[in-house]
1. Got a sec to turn the phi values of the stretch A:203-210 into Karplus ³J(HN,Hα) couplings, 6.51 cos²θ - 1.76 cosθ + 1.60 with θ = phi - 60°, whole Hz, x for Gly and Pro?
2. Which is the longest part of chain A that has none of the GluC sites (Glu not before Pro) sitting in a DSSP loop with at most 16 other Cβ atoms within 10 Å?
3. From the Cα gyration tensor of the stretch A:517-618, with a ≥ b ≥ c the square roots of its eigenvalues, which class applies: rounded if a/c is under 1.5, or else prolate if a/b is larger than b/c, or else oblate?
4. Quick one: divide the alpha-carbon radius of gyration of chain A by 2.2 N^0.38 Å and tell me what you get.
5. Suppose only helical runs count, i.e. DSSP H with n ≥ 4. What mean residue ellipticity at 222 nm does that imply for the protein assembly as shown under -39500 (n - 2.57) per run, divided by all residues and rounded to the nearest 500 deg cm²/dmol?
6. Roughly how many nanometres apart are two label points built 7 Å out from the Cα toward the Cβ at A:Val439 and A:Thr307?
7. Projected onto the charge dipole of chain A (+1 at Lys/Arg Cβ, -1 at Asp/Glu Cβ, origin at the Cα centre), which of A:Thr61, A:Thr491, A:Ala166 gives the Cα projection farthest towards the positive end?
8. Based on the Cβ-Cβ distance of B:Thr67 and A:Ala397, what FRET efficiency does E = 1/(1 + (r/R0)^6) give at R0 = 41 Å, to the nearest 0.05?
Amino acid sequence: MITELGAFALALALALSIAQSALGLLGGRRPALAGAGEGAALATFLAVAAAFSALIVAFVTSDFSVANVAANSHTAKPLLYKVAGAWGSHEGSMLLWCLILTAYGAAVAVFGKGLPASLKSRVLGVQGLLGVLFLAYTTFASNPLARLIEPPIEGRSLNPLLQDPALAAHPPFLYLGYVGFSVVFSFAVAALIEGRVDAAWARWVRPWTLAAWSLLTVGITLGAFWAYYELGWGGWWFWDPVENASFMPWLIGAALLHSAIVTEKRGALSGWTVFLALAAFTFSMLGAFLVRSGVLTSVHAFAVDPTRGVLLLTIMAIASGAGFALFAWRAPALAPGGVFAPASRESLIVLNNILLTAATATVLLGTLFPLIREAIGGETVSVGPPFFNLTFVPLMALALMILPLGPLTAWKRGDLRRGADQLKVAAIVAVLAGATAYVMVSPRKAMASAGLALGFWLIGGALTEAAVRVKAFRAPWPEVRRRLTGLPRGTWGMTLAHAGLGVFTLGACFETAWKVEAAEALAVGGQLRLGGYELSLDEVGTVDGPNYLAERGVIRVTRSGKAVCTALPERRFFPAGRQSTSEVALCNRGLDQIYIVLGERRAAADGGPAWLVRGYFNPWVQLIFLGPLLMALGGLLSLSDRRLRLAAGNRP
Amino acid sequence: MKLWPTSRTARRRLTILLAIAPVLILAAGLTLWGLSGSISLFYTPAQALAAKVEPGQAVQLGGLVETGSVVKHPDGRVTFRVSDKEASATVDYQGDLPDLFREGQGIVAEGVFDAGGVFQATRVLAKHDEKYMPREVAKALKDQGDWRGDGERPAYDKP
């Protein structure tokens, strides 16, 4: 019964979003209809929420008469993964997508009090159109609430690799980010319809971009962290198509964040900002298509369905095609905006945008190249990490090099020499740190040492910029304190995000270059040397999990005779799907981690049982996950800035 | 002739162009260089034989793991044969196989052929999702006419 109500609510949501788009777009001219459009946006959200709740209920109660539950759930699964199973499948994840899409629409209706009535109405109208596309797809082509005529007694369970807390939270955050760009897209289309893109428009777009980008950062980080400890390969980024699919909207979102500042503060780059706003959601949709269609071979794409990829591609073509066609038609009429000198903050942000978009283009090309090559009849190829290291990394390194200069250069006409002068200390620290790493850390690696220098340069640059703003070391303490408390939160957000990028760079370079790996088949009592550490396999026991059986190794980690920690890696077998996964044991050592995987059982040379034990020493690996979290925190801190609160946004 | 234009808009356009051009040239150059040097070709064992892949060239080898060919050595090495029904190649791999690695299943191995024709794998990939096999393997088998479908999906999991 609840399932049928949910299915009805989903169909209702489709009808309501048709109403929302019609009322919203017409309401741009007739204010009388605008209120109804807002009501429709709220109602659409409530209807999708009802459908989604019905799916959750079906999963929690293990109602196997629902096809999606039968395919992805199991009675023995822990509650968290029953709930997470709701978005672990293709159909469920598209419903989550719709839920978030309509939630953003409702959020614009509720929080957009300061928006001009016509703009708000049109934004809701465009958001409604996107809702129609995706709700129609979900209702007709991928309905998660469809029933089975002959329900099975037991479900097929969720892929055990997905039964993990980080991955339970990964899709909601990722989608909050992906779909958050839909609001920005709607704002861009609405502005193109109105034919006006000005500073006020940019100020209204910024909070949505910030929110989407920050949540996407969290989502990608959770995914990387999951890949790091669940796959048991010791890596956290593989330049896999599915990873690239989430990374491209992130890069474009980062470019948009910066260009929107220029449009807001100086009224310049308005056409470019609108273009990026359209591109960000286009990349989100491209990501959904790449991930869900399985058109590219990925090591971690789940719930793929090639037959429906074409439909997703069609949706993307319709939405982005219409958006960009409108852009081509209306953009030439946009006001050109303020002028700026070659040495100014605007110019540096333009350079940042060029580098970010060029980097995105290389990622896009690398991701799609196997498809292109195949389409023109060539051999099957794969584009792996070497390609991205060669193209993406130098472009980003350039962007990171100029980054600290940006916030220290004035708008309109700046003095690069003055900024460079202020950054002297940061530059010296960075070069010293890089040189120290080159000399001290063995084996010697020049590129990684340069990367470390770059990380310190970013952190130093962010601290310098904060110090300059509060006049630290130059003004008396009371004034510094007044400035410390008086600075807008947006400024602190920027400092935090830039420093977070530096923290990430440090971790990424150090871990990639200097990780130590060792593997050996050990019988009980055997030992493995990992850098300066000794891993001894003391015993292997069995563990009964809620829906799995596991072999658990007890591995004592010592360093020159002193106990460091006891690691308990597991190898789990899930009878429901007849799959096994390895549960990695992590030992934290400050910023470093010792990463231990218990492999499968095999016969030792003497015929007794042995287990392949694989250990990694990952130096500074925690910074890789800490850095992006700092960036997301910076974004959210900026979001809480009074200037960006929508209610206060009605100034000219 | 003055090279630096006097009109403001023209100046701005020129500045932006001067900023974009080097980045674009750099990006395009790196991309071409990257595509010429660091992509790896995918072969099935029969294709690898036909193409006479040179020892030491990084390639991907895909196919089905021959039933009964997997040997796990005590020192952690694993050897198995990958076949595409026409030819097969021995793969030597040092490390832990993916959780979904099974005999009879499609896999992709990354690595190089050594002088003796044994494939020295640095990484072995099997799909997490047991329903599908790697796309390249499926395509290669289809091209050879050896394709027998994705396997029947149970009735309750039909799209």
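Each reported figure results from applying straightforward, stated rules to the coordinates on display, with no laboratory input. Since we're looking at a predicted model, the values are computed, not measured. Using ideal geometry, Cβ is built from the backbone for each residue, glycine included, and neighbour counts are taken over all protein chains shown.
1. Each residue of the stretch A:203-210 in turn: 5, 6, 6, 3, x, 5, 5, 4 Hz.
2. The reported range is A:380-652.
3. Oblate, since a/c reaches 1.5 and b/c is not below a/b.
4. The value comes to 1.02.
5. The helix-only estimate for the protein assembly as shown comes to -19000 deg cm²/dmol at 222 nm.
6. Output for this residue pair reads 6.7 nm.
7. A:Thr491
8. It comes out at approximately 0.25.
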